[in-house]
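**Student:** To start, I am sharing the structure in question, which I have written as structure tokens.
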Amino acid sequence: MWNSPNPAKPSSFTHPMQLLQSLLLLLALSAPAFAQNTGLNVLHYRAVLMPDIQAQYLKGQVTVEYELPLQESEMVLDAGGLEIDYIDGEQVEDFAKKGSKLRIQLSPSREPAGEMTIHYQGSPNRGLLFDPEGNQAYTVYFTSAWMPCHDVPHDKAKIDLNIVVPEGLDCVASGDLFWKEEGVYHWSQKVESPTYTYGFAIGDFQSDKKLYQNTQVANYAVNYELDELRYIFRETPAMLAWFEEKTGVPYDQSSYSQVLMGNHYQEMSGFAVLRDSYGALVLKDSTETNLISHELAHQWWGNRITCETFSHFWLNEAFATYMSAAYNQHRFGEEKYMADITSYRKVYEAVKGRGNDKPLVFKDWINPSGDDRSLVYFKGAYVLHLLRQELGDEAFWAGVKAYSQQYADATVTTADFQRAMEAATERDLTGFFDQWVYGLPE
């Protein structure tokens, strides 16, 4: 993901260092303080959302289907700055909200599985961004700011989103569009994914749709003509095919949508939001596809193969960053690939020169600095390049495929990645990982 209120990225190939300096400004998300439950497993969220774009306000309700060990007497969810009106549920006895935490007391005679419906409202200060002047809204990363949820990467769940959309506007969301009627869009995601991948976008969109095999590739924009929209995203079907080939894992949803709007870059399950002005860069330079491929790569590395905790966040972001460079190599040649890798290395060396180098596996991911994020994205991508050099192309890609196939739809740690690469290549990579991943190279 890339998130920023800053100027859009220039071409990574005509101005690689200028691009990377801009990218550094995109990594300014604050780490949320997530809820702590020892055994909570959310199975399904079913939400009804009523956003008021002009008032920058949201009313909603979410039914949470869950499993929780009987020895736990309360459920703790993340709820940002939302105001909780009331909670329905046979097992619910009481609730209290303190800060961003929603603590729900459960009946001592409850069953290990159940469901509850939380009614809420509020003006999110992050996570859901309203643009009253443009009459549009979209979500970015912090799902718990607009829907109470168990906002940790390892608790994956399905979601249904029923979104009441103002007249004359369109809506794109996680999953597949099952129906729309009288301004209500029903999007349903039948695959489990982490909560930070849930989201939606509302606007007066121009749209273009085409089929890649059995997947509908849908592209949306507010400020581009139809022929421009088709040109900007012309590479997406080829990218889907390439990622499927390299992972050995087919794309698992019936649609993939890309939306040009606002000032952020964010992957979500089944779709991505890209900064509105990014389209102009692609129209100017047809090889400027890094961010399209980066966000699409997350449909595998991040959304389906998900870091177990954010201490292993590099397994999400370094993979997406590296795979955008690798796709460029496949599509545009070695020079473009090496321009990316050189830029990544220079960013890493700058962090190291400031004395801020750290292992890629963090002790925690609480209030990460800009340099910490640079390490996760750019040092991590550079390390994957070095691992490819260490193993050779054939062994490296065999290892990536084995890792991706083994852990599709699972959560992973760095040790899982190392073991998968070692098993696939029959190489002991202890020295490499000790030096580049767990340690600090000289």
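The values are calculated or read from the model by the stated rules, or taken from the named source; none is laboratory data. All of these numbers come straight from a predicted model, not from anything done at the bench. Glycine also receives a Cβ, built like all others from the backbone with ideal geometry; neighbour counts cover every protein chain displayed.
Residue by residue, here is whether (1) at pLDDT 95 or above; (2) in contact with a Pro (Cβ under 9 Å, 6 or more places away or on another chain); (3) under 24 Å from THR342 (Cβ atoms) holds:
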| position | (1), (2), (3) |
| --- | --- |
| TRP397 | yes, no, yes |
| LYS401 | yes, no, no |
| GLU426 | yes, no, no |
| GLU442 | no, no, yes |
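**Student:** What is the number of the single condition among (1) buried (at least 19 other Cβ atoms within 10 Å of the Cβ); (2) of a type in the set (Ser, Thr, Tyr); (3) over 18 Å from the mean Cα position of the chain (by Cα) that TYR231 does not meet?
**Tutor:** (1)
**Student:** Answer yes if at least one residue in region 6-26 is at pLDDT 70 or above, surrounded by fewer than 20 Cβ atoms within 10 Å (Cβ to Cβ), over 17 Å from TYR138 (Cα atoms) and not small (Gly, Ala, Ser), and no otherwise.
**Tutor:** Within region 6-26, none of the residues are at pLDDT 70 or above, surrounded by fewer than 20 Cβ atoms within 10 Å (Cβ to Cβ), over 17 Å from TYR138 (Cα atoms) and not small (Gly, Ala, Ser).
**Student:** On to the next question. Do we have VAL273 as of a type outside the set (Gly, Ala, Ser) and either more than 13 Å from the chain's Cα centre (by Cα) or under 17 Å from PHE378 (Cα atoms) (or both) here?
**Tutor:** No: the conditions fail for VAL273.
**Student:** Same structure again: Of all residues in region 166-198 being of a type in the set (Gly, Ala, Ser) and at negative phi, which is surrounded by the most Cβ atoms within 10 Å (Cβ to Cβ)?
**Tutor:** ALA173
**Student:** Separate question: Go through (1) within 26 Å of GLN189 (Cβ to Cβ); (2) surrounded by fewer than 23 Cβ atoms within 10 Å (Cβ to Cβ); (3) in contact (Cβ under 8 Å) with a residue 12 or more places away in the chain one by one and return the number of the condition GLU244 breaks.
**Tutor:** Looking at each condition in turn, GLU244 falls short on (3).
**Student:** Also, I was wondering about something else. Please go through region 299-339 and give me each residue that is closer than 18 Å to GLN389 by Cβ and β-branched (Val, Ile, Thr), ordered by number.
**Tutor:** THR321
**Student:** Considering ASN316, ASN328, which residue is touching a Gly at 6+ places or on another chain (Cβ under 7 Å) and of a type in the set (S, T, N, Q)?
**Tutor:** ASN316
**Student:** On to the next question. Go through region 96-111 and count every residue that is assigned to a strand (DSSP E or B) and either buried (at least 20 other Cβ atoms within 10 Å of the Cβ) or touching an Asp or Glu at 6+ places or on another chain (Cβ under 9 Å) (or both).
**Tutor:** Count: 7.
**Student:** Follow-up question, since we're still on this one. Say we look at region 195-228 and pick out the residues that are of a type in the set (Phe, Trp, Tyr) and under 19 Å from the mean Cα position of the chain (by Cα); which of these is farthest from GLY183 (Cα to Cα)?
**Tutor:** TYR196
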